[in-house]
1. Of Lys311/Lys369; Lys299/Lys337; Lys92/Lys272; Lys83/Lys369, which sit over 19 Å apart, Cα to Cα?
2. Taking the Cβ of Ala163 as the center, what net charge do the other residues with Cβ under 14 Å away carry, scoring Lys and Arg +1 and Asp and Glu -1?
3. If each of Phe346 and Lys365 carries a label point 7 Å out from its Cα toward its Cβ, how far apart are those two points in nm?
4. Can you pull the semi-axes for region 209-361, root of five times each eigenvalue of the Cα gyration tensor, sorted largest first, whole Å?
5. Spelling out what I want: for every residue of region 379-389, take phi, set θ = phi - 60°, compute 6.51 cos²θ - 1.76 cosθ + 1.60 (Karplus), and round to whole Hz; glycine and proline get x.
6. For Phe117, Phe251, which order do you get if you count the other beta carbons within 10 Å of each Cβ and list the fewest first?
7. For region 113-155, state which trypsin sites (Lys or Arg not before Pro) are in a DSSP loop and have at most 10 other beta carbons lying within 10 Å of their beta carbon.
8. Can you run phi through the Karplus equation (6.51, -1.76, 1.60; θ = phi - 60°) for region 261-270 and list ³J(HN,Hα) in whole Hz, with x for Gly and Pro?
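Nothing in this text is a laboratory measurement; each read-out follows from the coordinates by a stated rule. Remember, it's a predicted structure, so these values are computed and weren't measured experimentally. Every residue, glycine as well, gets a Cβ built from its backbone with ideal geometry; the counts of neighbours run over all protein chains shown.
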Amino acid sequence: MIFAVAIVAAVAHFAIEQISSPVSYFQPVDTRDGAELYKKELPNGNQAYLQVINVQKMQIDQLIGEVDRMAFNKGLYYQGENKYYSPFFKSKLFSEVTGEYKNLYGNGVFSVINCSFFEQYQRSTQLSFPVKFNGQVITGGNSIYGPVKKPKDGLYKNVRLKALVWNDREAYITNYEPQTGTPLNQKEVQNAVVTYEYKHHPAKLLSKNPANRYHVIGTLDKDGRKGNELLAIITVNEATLDAAAKLMREFGVKGDIVTIDGGLSTYLFNPKIGEIMLPKSNDIATRELPHYLGFRNRKSKTASPKILVAKPAGKVEVEANKPYLILWRDNIQEEVKIELYQENKFVQSIANRAASDRVYEWKPKIAVKSGSLIRISSVKNAKVSGVLQL
């Protein structure tokens, strides 16, 4: 598992109502209606970056690699151990993910960061903890550094995981309940990532809190009404997790603080200044990652209509009477239809009308032959389509 993330320096406390005018020693890098990015030069030559995202104005997208194997009975944490699948998601080069995102949403893109912890340093890997993506729980996770019966270290047997949840009204961090799946089992929760509270990150709990690169995340209220509409993300270099949490507290975060995948794989992109922080190694383990978060203006004009589907990392195995996740990315508002073809001949309709949500769980009644393809197309314009080769 890749551990780590980045944080440094000091941020003076300032009133939440004045977030659009941050402390003088944080320099604005990119500001727009709903999102702000600031930079701080540190005495040791490193930088600290602060993002403030208003979820009521900005869209948060989970950018996930395609699925080859579903790995049945391999998921942990969700509704008990070994009771949920844990798919292998394609690890994708950061430049490929950012390029696709800009191709779909053009000037609306504000930033991209890496997100979920993952397990194997392979071209197709399992996510460490549960993730809910646009209404669908796509993995139960499978990490040995969590509240399982036989964890990698005894300290993790009773560790408390946290869920970062967001929608178009608010963002919040809450306890994750492994035996029930709460809050991911709640219908109103459409997007959520399960991760560590910063103090339970293995770098702190097992490795004596070394300085490293980290992302830390908290939520804040700006308007005084119920609910936190602001997501705060601090990304820094060569700092401890304690220092990261201290920065977040000084910024004004009073609730839980979580950390996501970082270390050598820490990635931060903003179109105005480019790739701010890149994975340090050319090794696949740190430069190709399975799960990212993208931030964009919800009401901005998108590029021409597109449905993007990439080839999975390995041979796709779609078994009869077992689920398979079909993932795609698009920038259209209308519904899509999903169809199965064999040697360019129509075989069956998988979904006549499916929400344009970029994930669909399919359970075929018969085994799917190698060489088949899945076609996803707009119900309004069949020319807007993408193809998944099986």
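1. Flagged as over cut-off: Lys299/Lys337; Lys92/Lys272; Lys83/Lys369.
2. Within the 14 Å Cβ shell, the charges total -2.
3. Those two pseudo-labels are separated by 1.8 nm.
4. 37, 22, 16
5. These are the phi-based 3J(HN,Hα) values: 6, 8, 9, 4, 6, 8, 8, x, 10, 9, 8 Hz.
6. Fewest-to-most Cβ neighbours within 10 Å comes out as Phe251, Phe117.
7. Values: sites: Arg123, Lys132, Lys149, Lys152; in loops: Arg123, Lys149, Lys152.
Those that pass, being in a loop and sparsely packed, are Lys149.
8. Result, rounded to whole Hz: 3, x, x, 5, 8, 4, 9, 9, 10, 9.
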